[in-house]
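Single-structure report; data block below.
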Amino acid sequence: MPAPAVHCRYIGEWVATKHRWGLEGDQAEREALLRYAADCPNPNLAFERAS
């Protein structure tokens, strides 16, 4: 298992990339991301929408 900071960063980048490109995830993906991110210190993400 990666260090918590790396784990949280990966989850954040995954979600930001999905939002940036307008990609959707299914319910199972959403539930897994929420479960894995529950212990992360900052649940807020910032991203720029792709042109």
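Table for the structure above
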quantity: Charge tally in the Cβ shell below 15 Å around Glu29, where Lys, Arg are +1 and Asp, Glu are -1, Glu29 excluded; calculated: -1
quantity: Whole-Hz couplings from phi, Karplus 6.51/-1.76/1.60, listed for region 20-29; x for Gly and Pro; calculated: 4, 9, x, 8, 10, x, 7, 4, 5, 5
quantity: Under Karplus coefficients 6.51, -1.76 and 1.60, residue-wise ³J(HN,Hα) of region 30-38 in Hz, glycine/proline x; calculated: 4, 5, 5, 4, 5, 5, 6, 7, 4
quantity: Cβ-defined net charge surrounding Ala38, 14 Å radius [Lys, Arg +1; Asp, Glu -1]; calculated: 0
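Here, each number is a calculation from the coordinates, and none is a lab measurement. Note that the structure is predicted; figures quoted are calculated from it, not measured. When we count neighbours, we look across all protein chains shown, and the Cβ atoms used for this are built from the backbone with ideal geometry, even at glycine.
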